[in-house]
Amino acid sequence: MVKVMMPQRFNDADNRKVRLKYYECNMTKMQHIVAYVVFAIGIGVIFYIYYRALIVSVVGGLILAVFQEKNYSKSVMRKRQKKLRLQFKEFLDVITISVSGGAGRSIENAVEDSLTELRMMFNEDSDIVREIELIVNDYKHAGIPIADGFAELGERSEIDDIVSFATVFKTIGGKTSDFDYIITQTRDIIKDKVEITMEIETSISSAKTEAYMMLVLPLVLIVMMSTMGSDFMSSLFTTLIGRAAATVGVICTFVSYVIATRATEIDV
C-alpha cells in the first residue's frame with residue numbers, strides 16, 4: 001500500500017481533532033478490562049459445565065479469555081471500519097447531488113456543505129462527521145488540498161473505497177470539465193460494491209444464527225441431563241473416559257465458534 005506523507009495539520013485541543021487509525025483498536029483500557037472479565041466468566045462457565053471442577057474452570061477462563069478478548073477487539077475494529085464505510089457511502093450521495101446540482105459548483109464547497117446534511121443523518125460525534133470536519137478545517141486553516149485530506153483518511157482507515165475515491169479525486173481534480181460526471185460514476189461503483197457486501201451479509205445472517213444455536217445446544221443438553229436428579233451424567237465428571245469426552249466437547253465447542261466467526265468475515 002502506498003503511504004501518503006502527512007503534512008503539518010491544523011492543531012486543536014478538542015478531542016474531535018484526534019486522528020484515529022481505524023485499522024487499530026480504539027477501545028479504552030476500561031473497555032478492554034470489561035470485555036476480558038465477561039469472556040473469562042463466560043468461558044469459565046463453559047468449562048464448569050463440562051468438567052464440574054472449579055479450579056479448571058477459573059484457570060481455563062482466565063487463560064482463554066486473553067485470546068478471546070483480542071479477537072473481540074479485532075471484531076470491534078472491523079465493525080467500526082464497516083460503519084465508516086457505510087457512512088462514507090452516504091457522504092458520496094450528498095456531495096454527488098451537490099456537485100451535479102449547480103453549474104460551476106466546486107467540490108470543496110460541496111464537501112464543506114455536506115456537513116450540514118451529515119449532521120442531520122448521523123449524530124455530531126459520528127466518525128464521518130468528525131473526519132469531514134478535519135478535512136474541511138485542514139483546507140480552510142492550513143491550506144491543505146481536499147484531495148490530500150481524503151488520501152490521509154484512506155491511509156488511516158485502510159478502507160479501499162475511501163482510498164479509491166481519494167485517488168480519483170486527486171487525479172482528476174481541476175483537470176476536466178466532466179468532474180461531476182466522474183464523481184457520480186465513482187460514487188455508483190462504490191455504492192454498488194457496498195450494497196453487494198450488505199446483501200451477502202444479510203444472506204448469511206440466518207446461517208450465522210443457526211451456527212451459534214448449535215454451539216449453545218450441547219451445553220443446554222448437558223445442563224438439563226445433569227440436573228435431572230439421576231447419575232446418568234456422573235461418569236462424564238468422574239471417570240477418565242468421561243473427562244476425555246468432556247475435553248473433546250470443549251475443543252469442538254471453541255473450534256466451532258472460531259470457524260463460525262471467521263466464516264462470516266467477508267471482503268468484497
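The values are calculated or read from the model by the stated rules, or taken from the named source; none is laboratory data. Note that the structure is predicted; figures quoted are calculated from it, not measured. FYI the Cβ positions are ideal-geometry reconstructions off the backbone, even for glycines, and counts take in every protein chain you see.
Out of the residues in segment 20-36 that are surrounded by 13 or more Cβ atoms within 10 Å (Cβ to Cβ), of a type outside the set (Ser, Thr, Tyr) and in contact (Cβ under 8 Å) with a residue 24 or more places away in the chain, which is nearest to residue 135 (Cα to Cα)? Before the answer, list the steps.
In the first step, residues of segment 20-36 are kept if they are surrounded by 13 or more Cβ atoms within 10 Å (Cβ to Cβ); the result is 20, 22-23, 25-27, 31-32, 34-36.
Now drop any that are not of a type outside the set (Ser, Thr, Tyr), which leaves 20, 25-27, 31-32, 34-35.
Narrowing the set further to residues that are in contact (Cβ under 8 Å) with a residue 24 or more places away in the chain leaves 20, 25-27, 32, 35.
Details: 20: 13, 25: 22, 26: 20, 27: 24, 32: 30, 35: 33 Å.
Top of the filtered list is 20.
Applying the set (1) out of contact with any helix residue (DSSP H, G or I) (no Cβ under 7 Å at 6 or more places or on another chain); (2) at pLDDT 85 or above to residue 56 leaves exactly one unmet item: (1). Do we find a residue being in contact (Cβ under 8 Å) with a residue 40 or more places away in the chain, touching a Pro at 6+ places or on another chain (Cβ under 7 Å) and of a type in the set (A, V, I, L, M) anywhere in segment 88-104? Checked against the condition, which is being in contact (Cβ under 8 Å) with a residue 40 or more places away in the chain, touching a Pro at 6+ places or on another chain (Cβ under 7 Å) and of a type in the set (A, V, I, L, M), segment 88-104 yields no hits at all.
Comparison of 106, 73, 100 shows that the only residue that is among the small types (Gly, Ala, Ser) and either touching a Ser or Thr at 6+ places or on another chain (Cβ under 6 Å) or modelled with pLDDT of 90 or more (or both) is 73. Do we have any residue at all in segment 80-91 that's surrounded by fewer than 20 Cβ atoms within 10 Å (Cβ to Cβ) and more than 30 Å from residue 170 (Cα to Cα)? No - not one qualifying residue is present in segment 80-91.
The number of residues in segment 48-61 that are part of a helix (DSSP H, G or I), closer than 12 Å to residue 243 by Cβ and not aliphatic (A, V, I, L, M) comes to 2.
Inspection of segment 238-245 finds no residue satisfying the criterion of being under 16 Å from residue 45 (Cα atoms) and either at pLDDT 70 or above or assigned to a helix (DSSP H, G or I) (or both). Within segment 126-162, the set of residues being in contact (Cβ under 8 Å) with a residue 40 or more places away in the chain and over 17 Å from the mean Cα position of the chain (by Cα) comprises 130, 132, 133, 134, 137, 138, 141, 142, 144, 148, 151, 152. Taking the conditions (1) modelled with pLDDT of 85 or more; (2) in a helix (DSSP H, G or I) in turn, residue 144 satisfies each one other than (2).
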